[in-house]
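Structure, as C-alpha cells:
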Amino acid sequence: MILVTGGAGYIGSHTIKGLLDNGYDCAVADNLVYGHRGAVDPRAAFEQADLLDKDSLRHVFCKFRPEAVIHFAAFAYVGESVCLPQKYYRNNVIGTLNLLSVMREFSVEKIVFSSTCATYGEPQYLPIDEEHPQNPINPYGRTKLMIEQILSDYRQAYGLKYISLRYFNAAGAAADGSIGESHRPETHLIPLVLQAIKGERQSIKIFGSDYNTPDGTCIRDYIHVEDLAEAHCLALEKAGIFNGCLNLGTGKGSSVKEVVAAAEKASGLKCSLEYAPRRPGDPAQLWADNRKAKEVLGWHPRYTDINEIVRTAWNWEINRKF
Ligand code: UFG
C-alpha cells in the first residue's frame, strides 16, 4: 500500500491514477483545503486528514499500514507565500516533520517528495542541472528546499530512503480527460489562456514582453503531468538504491507567446491578450537538464511538444469535471 499525501491535488491525482494503472494499491490523505475529492480515483482509499494533526496521521498509518509514502501535500502559491510566510512554513515544513515522525513510529522507510525548480531561484546557467546552486527567492521555494535538506539529514541519521523530484512547470491533463488542472484561484498560464479562449475570462495578461528572449516573453519548461506521474512510480522503485534529487522537465523551453499559440491551435479560437509589466520574481528563462532523471529512473517523458501538452489541457478544459 502506497500512501499519497495531497493526492486530491493536481499532480497527486494524476500520480494516483498512474500508480493504480501500474498495479499498486493506494490510499490518499488530503485535507481538501485546495484539493478536490472528485479528483481522486475511486479505486483509491481516501481519508481526509491534515498533516498538522499528528493523531489523524497516526490513524491513517494505522488503517492503511503503508510501505512507502509519496508526499505532495503543500501550499504552492508563490505570491501568497510572500504575503503569508507563516502559513507556508507551518503547513509545508511542520506538516512534513509530522509526517516523517509518524513514518518513523510506523517504521516506514521510503518517501518520494514533491519538490520544485523554485528551489534554484534565478538561474546562473542553462539548462539547470541538479548541481545548480539553490537560492530560492520566495518562501514557497524555501519551504521546499528546507524539506529537501531535512530528508537528506534523515537519510544520514536514520537511513531514510528518499527521492526529491524537482518539477519544472507541470502542465496538461490525463489523456482520457478524466482529471486535469483545477486551482482556485487559478494563477497558472495554460489554464488561464484556455479559460480566456473559452470566454470565461475577458483576456489574459502577458507578464513582460521585454525579456532578453527571442520573442521577449518568459521561457519555461512545461512537463506533462502524466510524465510526472510516471516518474513518481519509477522513483518509488528506485528510492533507497538512489537517494537524492532529480529534475523533472522536458529539457526544452517554450515562451509565453508559444503557449498562447499552442492554445489557439488546439482550440481553433483566438485568445485576447493584454501586455502587462513583468511579474516580480519571474526569471526570464528556465529549463531543465533532465539527464540524471532519465539515467537514474529510466524515465523518458512522452510529451515533448508543447502543442500536444496544451491539447490535453484543452480537452480537459472543455469538459472539466471539477
Ligand atoms: N504568465 C503570464 N500571465 C499569466 C500567468 C503567467 O504571462 O497570467 C507567465 C509567467 O510570467 C511565467 C509563465 O507564464 O513566465 C508561467 O507562469 P506560471 O504562473 O504558470 O508558472 P511559474 O513558472 O510562475 O510557476 C511554476 C510553478 C510554481 C513553481 C515555479 C518555479 O507553478 O509552483 O514554476 O519557477 F514555483
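Miscellaneous remarks
- Filtered by the rule that a residue be within 26 Å of Ala263 (Cα to Cα) and in a helix (DSSP H, G or I), segment 287-322 gives Ile306, Asn307, Glu308, Ile309, Val310, Arg311, Thr312, Ala313, Trp314, Asn315, Trp316, Glu317.
- Taking the listed residues Ala293, Ala288, the one that is at pLDDT 95 or above, away from the ligand (no atom under 12 Å from the Cβ) and in contact with a Phe, Trp or Tyr (Cβ under 9 Å, 6 or more places away or on another chain) is Ala293, with no other qualifying.
- Search result, residues across segment 29-52 that are touching an Asp or Glu at 6+ places or on another chain (Cβ under 7 Å) and open to solvent by less than 60 Å² (accessible area, probe 1.4 Å): Ala29, Asn31
- Sole exception among (1) out of contact with any His (no Cβ under 7 Å at 6 or more places or on another chain); (2) assigned by TED's automatic domain parsing to the domain that holds Met146 for Ala229, by number: (1)
- Among the strands (runs of 3 or more DSSP E) confined to segment 159-237, the ones with at least 1 residues that are small (Gly, Ala, Ser), within 12 Å of the ligand (Cβ to nearest atom) and out of contact with any Gly (no Cβ under 7 Å at 6 or more places or on another chain) are located at 169-171.
- Out of Ile128, Ile94, one residue alone is of a type in the set (A, V, I, L, M) and more than 20 Å from Gly249 (Cα to Cα). It is Ile94.
Conditions tested, residue by residue: (1) of a type in the set (Lys, Arg); (2) open to solvent by less than 20 Å² (accessible area, probe 1.4 Å); (3) more than 14 Å from the ligand (Cβ to nearest atom); (4) more than 19 Å from Pro191 (Cα to Cα).
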{"position": "Phe242", "(1), (2), (3), (4)": "no, no, yes, yes"}
{"position": "Cys245", "(1), (2), (3), (4)": "no, no, yes, yes"}
{"position": "Leu248", "(1), (2), (3), (4)": "no, yes, no, yes"}
{"position": "Lys252", "(1), (2), (3), (4)": "yes, no, yes, yes"}
{"position": "Glu258", "(1), (2), (3), (4)": "no, no, no, no"}
{"position": "Ala261", "(1), (2), (3), (4)": "no, no, no, no"}
{"position": "Ala266", "(1), (2), (3), (4)": "no, no, yes, no"}
{"position": "Lys270", "(1), (2), (3), (4)": "yes, no, yes, no"}
{"position": "Pro283", "(1), (2), (3), (4)": "no, yes, no, yes"}
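- Residue in segment 171-190 that is open to solvent by 10 Å² or more (accessible area, probe 1.4 Å) and within 18 Å of Ala235 (Cα to Cα) present: no
- Positions within segment 81-113 being open to solvent by less than 50 Å² (accessible area, probe 1.4 Å) and either within 10 Å of the ligand (Cβ to nearest atom) or without any contact (Cβ under 8 Å) to a residue 12 or more places away in the chain (or both), in sequence order: Ser81
- Filtering segment 285-298 to residues that are surrounded by fewer than 21 Cβ atoms within 10 Å (Cβ to Cβ) and touching a residue at least 24 places away in the same chain (Cβ under 8 Å) leaves Gln285, Asp289, Arg291, Lys292, Val296, Gly298.
- Number of positions in segment 123-147 that are more than 10 Å from the ligand (Cβ to nearest atom), farther than 18 Å from Leu246 by Cβ and open to solvent by 20 Å² or more (accessible area, probe 1.4 Å): 5
- Selection from segment 227-240 of residues that are under 17 Å from the mean Cα position of the chain (by Cα) and open to solvent by 40 Å² or more (accessible area, probe 1.4 Å): Glu230, Leu234
- Segment 254-283 residues that are within 21 Å of Ile137 (Cα to Cα), paired with ones that are exposed (fewer than 14 other Cβ atoms within 10 Å of the Cβ) (beta carbon under 8 Å, 6 or more apart): Arg278/Asp210; Pro283/Glu122
The values are calculated or read from the model by the stated rules, or taken from the named source; none is laboratory data. Quantities reported herein were computed from a predicted structural model and do not represent experimental measurements. No Cβ is skipped: glycine too gets one built from the backbone with ideal geometry, and neighbour counts run over all protein chains shown. For accessibility, only protein heavy atoms count, side chains too; no ligands or nucleic acids. Shrake-Rupley method; radii C 1.70, N 1.55, O 1.52, S 1.80 Å.
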